[in-house]
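Notes follow the structure.
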Amino acid sequence: MGRKAVVAAILAAAAVCAVAGVAVGRRVRSKRKWGRVIGVLKDLEDSCDTTVGRLKQVVDAMAVEMHAGLASEGGSKLLMLLTFVDNLPSGREKGTYYALDLGDTYLMALRVQLGGHRPSILAHDVERQSIPEHLMTSKGEDLFNFIASVLEQFIEREQNGSGFPLDKRRNLAFTLSFPVKQTSISSGILMKWTKGFSIDDMVGKEVVECLQDALMRRGLNVRVDTLVNDTVGTLAVGHYHDVDTVAAVVIGTGTNACYLERTDAIIKCQGLLTASGSMVVNMEWGNFWSSHLPRTSYDVDLDADSPNPNDQGFEKMISGMYLGEIVRRVILRMSQDSDILGHVTSKLSVPFILRTSLMAAMHEDDSPDLMEVNRILRDTLEVPEVPLKVRKLLVNVCDVVTRRAARLAAAGIVGILKKIGRDGSVGITGGKSRSDSKMRRTVVAIEGDLYTKYSMFKEYLDEAVDEILGGEVAQHVILKAVDDGPGIGAALLAARNSPEDVDTAQML
Ligand code: BGC
């Protein structure tokens, strides 16, 4: 071999080595990056830890806070609001009642016909209207004018079918799914907004008056005689179907719970008298807080960036408004720490772009190659196709976030059961021992898309309630999904509250 040939061979070998070196270097770097991403997932898993032990601490904290909120005004982050609902529907309700349900992104108008004996719900019509986004942050009057116009159209459309004369006065129940300090079954003051609503001039106002004025401006002969929270409507409809229903939970855009409490346990309202000796309490559990809650850096940042920092902490870990956003924040961190999603797209940095319904669709994608995950990444986040192992990783992120949410909601439910002595143990102020408290059949009505439409969420929640209570007690606790609860329940309560069915709640 000549010199030239030797040199050429050496150069060629060096080039091969260099290429191989680059490839190896790239592999090592990409392995390192993948390791970093796995590290992000691992950290997330660790900080979302919801072992049964931890859940039991949350259960205890919930029960303790309930006591504190009932003991004094402002005694707890749980508002524990009076609802003036002391009697739940019996099945004997009669007449035609209307309801307006203002919950989050939509408004529902309902008409419910009740026959007077079971099954007393003869018919019901529902119309759903999205609330234009600008109205959620505008002036109170604009929002109430919109609500009145939706009811007006609903009534106009029924003229052909309902047989209800136009000039006859209609009774209406108003479901308002925000914290309201009620002064009676038909009046209350808005305390604050949640779920992205922010209409400053409404806070502190009497909400029924605002609605009544707007209806009058439209010339509608409608009297608003019942005001309820969505959880209370859900409890009413749950109890109507099953008299063992003692509590109701909503897990939708926001989250909250209510339950039937003995009036003598509502210490902050000494002298509260009801014929039944009990009253439904709206807990506003979205604002629950405890150091036992497993909080991540993503929760801290989400809260700091929200319009209501340090508020609704439990809701921000559990409800549909926030779960997709937590996942987006984790994915953003992963893509900043590595190139698993290619370059960081500008869409990935847009808050709330990954709605919880899309996150649930990614989580529940059962196609072998996770094509739904791909589609959502492409269409919503403008992320080009990524390898299967990355798609699997993202499904894992959704799983961790949803599992934590569902298990915390389960702990909240068991907390209520503990407070009312239905968890198989002794209530925290009770004096009975385990052996003399026989477990009664106990039903909790649950409303909201996360529980009724997101099967993985439901599975995790049901499973956690079983784990916390233990099989023997859990067999007496029934979690019942309820659809369209708040509106129909509110109409049932309006009927209960009509002059024939006198409301007896009063303060001495
Ligand atoms: C509100 C509650 C409501 C819940 C579910 C929360 O943000 O504060 O009043 O019941 O959402 O809609």
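Among the residues making up the stretch 175-207, those that are within 16 Å of the ligand (Cβ to nearest atom) and part of a helix (DSSP H, G or I) are Met202, Val207.
Met191 fulfils the conditions (1) at pLDDT 95 or above; (2) open to solvent by 30 Å² or more (accessible area, probe 1.4 Å); (3) touching a helix residue (DSSP H, G or I) at 6+ places or on another chain (Cβ under 9 Å); (4) over 22 Å from Val237 (Cα atoms) except for a single criterion, (3).
If you check Ile266, Ile251 for being of a type in the set (Val, Ile, Thr), within 27 Å of Lys316 (Cβ to Cβ), modelled with pLDDT of 95 or more and open to solvent by less than 10 Å² (accessible area, probe 1.4 Å), only one passes: Ile251. When each of Thr263, Thr245 is tested for being more than 24 Å from Tyr97 (Cα to Cα) and either within 16 Å of the ligand (Cβ to nearest atom) or among the hydroxyl-bearing types (Ser, Thr, Tyr) (or both), the lone residue that passes is Thr263. Screening Leu172 on (1) assigned to a helix (DSSP H, G or I); (2) open to solvent by less than 30 Å² (accessible area, probe 1.4 Å) shows it passes everything except condition (1). Scanning the stretch 250-264 for residues that are part of a helix (DSSP H, G or I) and within 12 Å of Leu82 (Cα to Cα) turns up just one, Thr263. Is it the case that Gln113 is open to solvent by 60 Å² or more (accessible area, probe 1.4 Å), more than 16 Å from the ligand (Cβ to nearest atom) and touching a helix residue (DSSP H, G or I) at 6+ places or on another chain (Cβ under 7 Å)? When the stated conditions are applied, Gln113 does not pass them. Of the numbered criteria (1) touching a Leu at 6+ places or on another chain (Cβ under 9 Å); (2) surrounded by fewer than 24 Cβ atoms within 10 Å (Cβ to Cβ); (3) of a type outside the set (Val, Ile, Thr), the one Arg217 fails is (1). Among the residues of the stretch 477-496, just one is in a loop (DSSP other than H, G, I, E, B), modelled with pLDDT of 80 or more and open to solvent by less than 60 Å² (accessible area, probe 1.4 Å), namely Val482. crowded, with 23+ Cβ neighbours inside 10 Å, within 16 Å of the ligand (Cβ to nearest atom) and modelled with pLDDT of 95 or more: does that describe Val281? Here the answer is yes, as Val281 does meet what is asked.
Here is a check on your reading of the model: is Arg223 of a type in the set (Lys, Arg), touching a strand residue (DSSP E or B) at 6+ places or on another chain (Cβ under 7 Å) and farther than 30 Å from Leu143 by Cβ?
Working: of a type in the set (Lys, Arg): yes; touching a strand residue (DSSP E or B) at 6+ places or on another chain (Cβ under 7 Å): yes; farther than 30 Å from Leu143 by Cβ: no.
It is false that Arg223 is of a type in the set (Lys, Arg), touching a strand residue (DSSP E or B) at 6+ places or on another chain (Cβ under 7 Å) and farther than 30 Å from Leu143 by Cβ.
Does Glu127 count as open to solvent by 40 Å² or more (accessible area, probe 1.4 Å), closer than 30 Å to Asp311 by Cβ and within 29 Å of the chain's Cα centre (by Cα)? Show your work before the answer.
Working: open to solvent by 40 Å² or more (accessible area, probe 1.4 Å): yes; closer than 30 Å to Asp311 by Cβ: no; within 29 Å of the chain's Cα centre (by Cα): yes.
So Glu127 fails the test.
Of all residues in the stretch 54-102, how many are part of a loop (DSSP other than H, G, I, E, B), under 30 Å from Pro132 (Cα atoms) and open to solvent by less than 10 Å² (accessible area, probe 1.4 Å)? Don't jump to the end; show me each part of the working.
Initially, the stretch 54-102 is screened for residues part of a loop (DSSP other than H, G, I, E, B), giving 72-80, 83-93.
Next, from what is left, pick out any that are under 30 Å from Pro132 (Cα atoms): 79, 83.
Pick out the ones that are also open to solvent by less than 10 Å² (accessible area, probe 1.4 Å) and you get 83.
Total satisfying the criteria: 1.
Got at least one residue in the stretch 445-454 being surrounded by fewer than 16 Cβ atoms within 10 Å (Cβ to Cβ) and at pLDDT below 95? Among the residues of the stretch 445-454, not one is surrounded by fewer than 16 Cβ atoms within 10 Å (Cβ to Cβ) and at pLDDT below 95, which makes the answer no. Screening the stretch 286-302 for residues that are over 17 Å from Glu45 (Cα atoms) and more than 16 Å from the ligand (Cβ to nearest atom) and picking the one that is surrounded by the fewest Cβ atoms within 10 Å (Cβ to Cβ) gives Ser291. Considering (1) at pLDDT below 95; (2) among the polar types (S, T, N, Q); (3) surrounded by 13 or more Cβ atoms within 10 Å (Cβ to Cβ), the lone condition that Asn374 does not fulfil carries the number (1).
In the condition set (1) outside any helix (DSSP H, G or I); (2) within 16 Å of the ligand (Cβ to nearest atom), Met136 is compliant with all but (1).
The values are calculated or read from the model by the stated rules, or taken from the named source; none is laboratory data. This one's a predicted model, so the numbers in the text were calculated from it and none came from an experiment. As a convention, Cβ positions derive from the backbone with ideal geometry for all residues, glycine included, and neighbour counts pool all protein chains shown. Please note that ligands, DNA and RNA were not included when accessible areas were found on the heavy atoms of the full protein model with its side chains. Shrake-Rupley method; radii C 1.70, N 1.55, O 1.52, S 1.80 Å.
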